[in-house]
Every structure is written in C-alpha cells, then in structure tokens.
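First comes the structure, then the notes that go with it.
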Amino acid sequence: MPVTKKRTEMSLGTYPHLTLARSRALRDEYLYLLANGIDPQVHNSYKANALKDATEHTLQAVARKWLDEKVKTSGISKDHAEDIWRSLERNIFPGLGNVPIKEIRPKLLKQHLDPIEQRGVLETLRRIISRLNEIFRYAATEELIEFNPADNLGQRFSKPKKQNMPALPPSELPRFMASLANASVRLETRMLIEWQLLTWVRPGEAVRVRWVDIDIDNGMWNIPAEFMKMKNPHKVPLSKEAIRILKSMEPISRHGEWIFPSIKAPLSHMHEQTANAAIIRMGFGGELVAHGMRSIARTAAEESGKFRTEVLEAALAHSKKDEIIAAYNRAEYLAERMVLMQWWGDYVTAQKFKAIAA
C-alpha cells in the first residue's frame, strides 16, 4: 500500500450483496488508485467522512447538539432554549441549515445575514451573530471545523441603537399575527395581546380594563385617570374587532371585576408583563415588546395618510403642552378617532388573512 509500503488485503464485500461485475469494477478502481499512489483504504475513509459531513454535520445538526449541551451546562430554561431554536429556524436554517458546517465561509454568512440587516431588526441580528459564534466555537472544539467563520462577523454590520421598546414595522404584522394564532399560550393571554394591539393603550392600561368601564352600547372604553400614565381620564373608541374580544372574554370573566383576571389571583388583573413574556415565547424577543405594538399601529396609520397627527397623538394618550387647545379639540378628536380605530381594526383583520394565505 502507498502509505505503509507493505502488501495488504482488502475485502470488497460478500456475495450476493456484491455482484461479480461490481467486484471487478471495484478491483479496477482500486488498481487505478494504486497506480496513482493513492491508498484505497484512505480514499474510502475520506469518502465516508465526506458523506458524514454532508448528513450528520450540517449546521442544523451541529446547532442541535450545541443547544442540547448549552441546556445541560449553562442551565438555561426550556422556554429560553425554545426561543433560541425558533430564532435559528426562522433566520438561519431555511438557507444554511442543510449546509455541511465545514463548507460555511464568512462570505456565505454575510450574504445570508444581509437581508436581516436590511429589515432593520439590528438587535435580532446581533443575537443571531452571537449564537452563530457559539455554534461554530462548539464545532471547533469537536474538531468539525478548523476556524470560526463567524469571528468578527458583527463588525461587518450596523450596530443596533439602544432602544428600550423595539417594535416591528407594519409589514411584519402578518408574521406576528400568524405566530400569535399558533402560539402555545392561554386564550386569555392571546386575547389580551390582541386587545392591546387594537386599542393602542399601554400594557399597564390594557390589563386594568374593567367591565364597569366599558360602555358597550356606545362602543367606548372609559379609562379612569388613576389607571392612566399621565393621570388624565382617557376614552378609547372600540372597533368591532375590540368588541369581539370582549364577547370572547364574557364567559370567562364577566362575573368578576377585571376583564383579564390573573390566573394565580383571580380577584386581581393580569400582570402587565404577561403580554411581554408571551411575545418572547413566540420567538420575537429583541424584535418586539408589548409597548411596541403602539408603534406598529401609529406607523401604519401615519403611512396611510388618512389621519391627522393630532388625532394619532390623542389616540396614544400623549399629553399636550397646551391643555386649553387639547380640551377645545377633544370632541373633534374623539369623532376622528372612532374612524381611526375601526380603520385599524379592519387593517389588523386584513393582516390576519394575509398570514393565513401565506
């Protein structure tokens, strides 16, 4: 043999699994390799390793092993692990999941991540790059790759600005609605998220909605001053979609004070972080917080060109510096906001249908 310089024997296989014609073909192949100074045993070993790389050592397969080890060694929660995996499934695996990990190069990663940067979700991009670095470092310790292709990758993208309340662009609303429809969360939590989305209120205001504050005949939610951030009473015109939420909650909570009662303490309302926790579990951590749903609504309404800025600000319960002007225009704003809220209800419904059709 070329490697040992000693004569050795190789088994080609056994009959009937290996036909005479196939054994002769293998003999000729091995003789050709020997004539060119190639050890057939080493050649077969390379072929076997290449097949293993193409099947067992894909990026997705290695990522699965990395995450399993991370759960064992770092003690992250099952929910956190599921969030990580969903993010990889959404952003990485569709294009790179089946690629053998040793074939992934920095240029390929950059090309795959460019669209995520273009979407503007820079915080999500930062988290993805961080996780890719962990995966490739794990692969290096397992001697599956010789270098980390994600090393210094973060320096080739824009850095996320510090942002306390990330929000999705309106174009991403169908993806969010599809995730919400399929999320493993309680019905009450799903209804709470939709309620907040439809009414433009803050998380703390959304969970404090009481049956006594709902004027169903006039389609109005009268929020007391003590429940508002600026300590001023606020009226929210209710769209048909918001009223649908109320009718869904009636058999669950109509006997009590709060429309969205706490499961642990039924005499109180849900915690204002309940929606945030669900959004993170849905895989939108870093992309959206509950408060950011106000931004989605405001952006969509502004881009429509149908509503005055003053009306949008009033719908968000943003305080006016000149309270006299605010009081003078309040009735006019309310009439326009009735139109605005129904327009928004129709808009959200349309995004739901887009999500179903996708």
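Mind listing whichever residues of the range 207-218 are in a helix (DSSP H, G or I) and in contact (Cβ under 8 Å) with a residue 40 or more places away in the chain?
Within the range 207-218, Trp211, Val212 qualify.
Checking the conditions here, which among Phe176, Phe157, Phe136 is among the aromatic types (Phe, Trp, Tyr) and within 26 Å of His57 (Cα to Cα)?
Matching residue, one of Phe176, Phe157, Phe136: Phe136.
Among the residues of the range 271-309, how many are under 22 Å from the mean Cα position of the chain (by Cα), hydrophobic (A, V, I, L, M, F, W, C) and in a loop (DSSP other than H, G, I, E, B)?
The qualifying residues number 2.
Looking only at the range 169-206, filter to residues that are surrounded by fewer than 16 Cβ atoms within 10 Å (Cβ to Cβ) and not in a loop (DSSP other than H, G, I, E, B); which one of those is farthest from the chain's Cα centre (by Cα)?
Applying the filter and picking the extreme gives Leu187.
Within the range 42-63, is even one residue of a type in the set (Val, Ile, Thr), within 22 Å of the chain's Cα centre (by Cα), crowded, with 18+ Cβ neighbours inside 10 Å and modelled with pLDDT of 90 or more?
Among the residues of the range 42-63, at least one is of a type in the set (Val, Ile, Thr), within 22 Å of the chain's Cα centre (by Cα), crowded, with 18+ Cβ neighbours inside 10 Å and modelled with pLDDT of 90 or more, which makes the answer yes.
Given Gly305, Gly286, which one is surrounded by fewer than 20 Cβ atoms within 10 Å (Cβ to Cβ), outside the structural domain of Arg131 (by TED's automatic domain parsing) and not charged (D, E, K, R)?
Gly305
Find all pairs meeting these conditions: Cβ atoms under 7 angstrom apart; at least six residues apart or on different chains; first residue within the range 79-103 and within 13 Å of Phe136 (Cα to Cα); second residue of a type in the set (Gly, Ala, Ser) and buried (at least 20 other Cβ atoms within 10 Å of the Cβ).
Ile101/Ala139
Kindly evaluate His291 against the criterion of being touching a strand residue (DSSP E or B) at 6+ places or on another chain (Cβ under 8 Å), touching a residue at least 60 places away in the same chain (Cβ under 8 Å) and assigned by TED's automatic domain parsing to the domain that holds Tyr333.
No.
Under the condition of being without any contact (Cβ under 8 Å) to a residue 40 or more places away in the chain and surrounded by fewer than 12 Cβ atoms within 10 Å (Cβ to Cβ), which residue from the range 219-236 is farthest from Glu336 (Cα to Cα)?
Among residues in the range 219-236 that are without any contact (Cβ under 8 Å) to a residue 40 or more places away in the chain and surrounded by fewer than 12 Cβ atoms within 10 Å (Cβ to Cβ), the one farthest from Glu336 (Cα to Cα) is Glu226.
Which members of the range 289-302 meet the condition of being of a type in the set (Gly, Ala, Ser) and surrounded by fewer than 20 Cβ atoms within 10 Å (Cβ to Cβ)? Break it down into steps so the answer makes sense when it comes.
So in the range 289-302, the residues of a type in the set (Gly, Ala, Ser) come out as 290, 292, 295, 297, 300-301.
Across the range 289-302, the qualifying residues are Gly292, Ser295, Ala300.
Looking only at the range 237-270, count every residue that is touching a residue at least 24 places away in the same chain (Cβ under 8 Å), under 28 Å from Tyr333 (Cβ atoms) and in a helix (DSSP H, G or I) and tell me the total.
Summing the residues that are touching a residue at least 24 places away in the same chain (Cβ under 8 Å), under 28 Å from Tyr333 (Cβ atoms) and in a helix (DSSP H, G or I) in the range 237-270 gives 7.
The values are calculated or read from the model by the stated rules, or taken from the named source; none is laboratory data. Source: prediction; values computed, not measured. Using ideal geometry, Cβ is built from the backbone for each residue, glycine included, and neighbour counts are taken over all protein chains shown.
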